[in-house]
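Q: Shown below is the structure under consideration.
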Amino acid sequence: MASENLVKIASLLFGLGSWITITGFWQEIPILTEQVPEGWALSSQLTLFIQAANIGPIMYIVGRNFKFCDEVSATHAQMVIGVICCFVLIFLWKSTVFILGDHRSVYLLFSAFGLSLLDCTSSVTFLPL
């Protein structure tokens, strides 16, 4: 019984921790807009990348129905994605890439996508299907 409660608490913290990452982006928008070349357009670009990550639950359900993944592999994949995106943000958030004649904050935007993918999918991973 105690181990069952420990698993529930760990699941709760995992889900809560994932949403804190995206909330942190919005908290830091005033600082980020002064540092990145997109300026205030960054908020709309972040919104697009975050919303595009809603493909995660669909990929998980399709993968589970066709036996490509299960809860354990999906949870491990989510953890790896989250750790990689956090490390990319730590070291490369301010770095830009020259694309289509302008500098873009690609690392920041794709890290936001990866963390959003984690956030959206972690809510579905623990549902009994």
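Q: Would you list TRP40, TRP93 from fewest to most Cβ contacts within 10 Å?
A: In order of increasing Cβ crowding within 10 Å: TRP40, TRP93.
Q: Another question about this same structure. Checking the a/c ratio against 1.5 first, then a/b against b/c, what shape does the Cα gyration tensor give for the stretch 45-88?
A: oblate
Q: Let me ask something additional. Give me the net charge of THR96's neighbourhood, meaning all other residues with Cβ under 11 Å from the Cβ of THR96; Lys, Arg count +1, Asp, Glu -1.
A: 0
Q: Further, regarding this structure: Pick out, from GLN51, PHE25, LEU6, the residue whose Cα sits farthest towards the positive end of the charge dipole of the stretch 2-125, with +1 on the Cβ of Lys and Arg and -1 on the Cβ of Asp and Glu.
A: The one lying farthest along the dipole's positive direction is LEU6.
Q: Compute the signed sum of charges (Lys and Arg +1, Asp and Glu -1) over the other residues within less than 10 Å, Cβ to Cβ, of VAL36.
A: Its environment carries a net charge of 0.
Q: In the neighborhood of THR125, defined by Cβ-to-Cβ distances under 14 Å, what is the net charge if each Lys or Arg adds +1 and each Asp or Glu adds -1?
A: -2
Q: With a ≥ b ≥ c the root eigenvalues of the C-alpha gyration tensor of the stretch 73-129, is it rounded (a/c under 1.5), prolate (a/b larger than b/c) or oblate?
A: Verdict is prolate for the stretch 73-129.
Q: So how far apart, in nm, are the two label points at GLN51 and ILE84 if each is 7 Å from Cα heading toward Cβ?
A: Computed distance between label sites GLN51 and ILE84 equals 2.6 nm.
We did not get these values from a lab; they are worked out from the coordinates using the rules stated. All values derive from a computational prediction rather than experimental measurement. Positions of Cβ are backbone-derived with ideal geometry, glycine not excepted, and every protein chain shown enters the neighbour counts.
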